[in-house]
Structures are given as structure tokens and as C-alpha cells.
């Protein structure tokens, strides 16, 4: 099973992202936007995980759940990894609620290390929702234009759950299905 842990968004956030992409201020883009069904914040990528580990993964995530209260998040600034001048990934970053997502991601990371020996992430966690993957280098003029893309209008959503998600890879992209949902108190 190819697994990851994520915070999924409600329609308020999906609608705000879709409206921003529909009105994107740059034309003739050399990439396609990702499907709205894939917009989420990844807390931890587990990758290929043996079915035999699933019960321990679920137990580890269940132990995380009561340590975090529900909280609000708002997406805002448009960004890119490693940067907007040479992006491989384009995203909307989390403004409000980022600290709560960082704490949740760290707890998930630590719990999965203890439960199944999964190595902790070496890179700092940056809460974001990926909206595109860029396969080719972008021309300098386009990169410069990306730095002027306006932020979202801060749609606020309540994070009251996080999910263990299975990723099914196919010719048309990834399809996600929730394996288990964990409610925050």
C-alpha cells in the first residue's frame, strides 16, 4: 500500500483554490493544474507500506489524535519548491494555523517512527497545498510572473480530522482513498 497522512480540505478551500486557478494571472502555462480531489496538506509520506504494518500505523495515528485539538487554517501565499524562480512544485501555503499543522506533523512523524521504524523527515515541514507539478524548467519571464501571483483571500476552514490515505497511481495521475479518518477532540 502506498500511504500518506494528510489534512483534507472542505469545499470552502477547494472553491477558493479553484477560483484562483480559474483567474490565474499568467497565460499559456507549460503545466496542468492538479485535480481538486488531490488538494490537501501532507503531514507525512509513508510510501510503500506492507499490509502487515497497517494495524500498527493506525494505532500510532490513533495515539496522536487525542493530543491535538481541532484548529482553524487559512491558505494564502502562492509559492514554489524549491523556489518560484525554478519551481518543481507550485502551491498555496498555509498562513493561519501553520503552527498547529507543524505540531501535528511532528507528532505523526515521531509516532510512526516508534511504531514501524519509519525514519523521521529530515527536511523542515512546510504546510502547503500542492496545485501543480512542473516537469520542465520555466522561462525566466514566466518565473518572474509567478512571483506576482496574488495570495488567496484567506479562506478559513476548521481542521477537525486528519486522514491515513492510500495513493493509487495510474496513467492519468494519482487517485486517493481514505483508509482511516481520525477525529481531533
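The values are calculated or read from the model by the stated rules, or taken from the named source; none is laboratory data. These figures come from a predicted structure and were not determined experimentally. Please note: Cβ atoms are built from the backbone with ideal geometry, for glycine as well, and neighbour counts cover all protein chains shown.
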Filtered residues of the range 108-121 (kept if over 29 Å from residue 35 (Cβ atoms) and under 22 Å from the mean Cα position of the chain (by Cα)): 110, 111, 113, 119, 120
So for the range 97-105 (the condition being surrounded by 19 or more Cβ atoms within 10 Å (Cβ to Cβ) and either within 17 Å of residue 21 (Cβ to Cβ) or touching a helix residue (DSSP H, G or I) at 6+ places or on another chain (Cβ under 6 Å) (or both)), does at least one residue qualify? no
Collect the residues in the range 106-124 that are surrounded by fewer than 21 Cβ atoms within 10 Å (Cβ to Cβ) and not in a loop (DSSP other than H, G, I, E, B), keeping them in residue-number order. 106, 107, 109, 110, 113, 114, 115, 116
Test each condition in (1) free of Cβ contacts under 8 Å to residues at least 60 places away in the same chain; (2) surrounded by fewer than 17 Cβ atoms within 10 Å (Cβ to Cβ) for residue 94 and report the one that comes out false. (2)
Single residue of 154, 168 found to be touching a strand residue (DSSP E or B) at 6+ places or on another chain (Cβ under 6 Å), within 23 Å of residue 1 (Cβ to Cβ) and at pLDDT below 95: 168
Among the candidates 5, 89, 57, residue that is in contact (Cβ under 8 Å) with a residue 12 or more places away in the chain, touching a strand residue (DSSP E or B) at 6+ places or on another chain (Cβ under 9 Å) and within 12 Å of residue 128 (Cβ to Cβ): 89
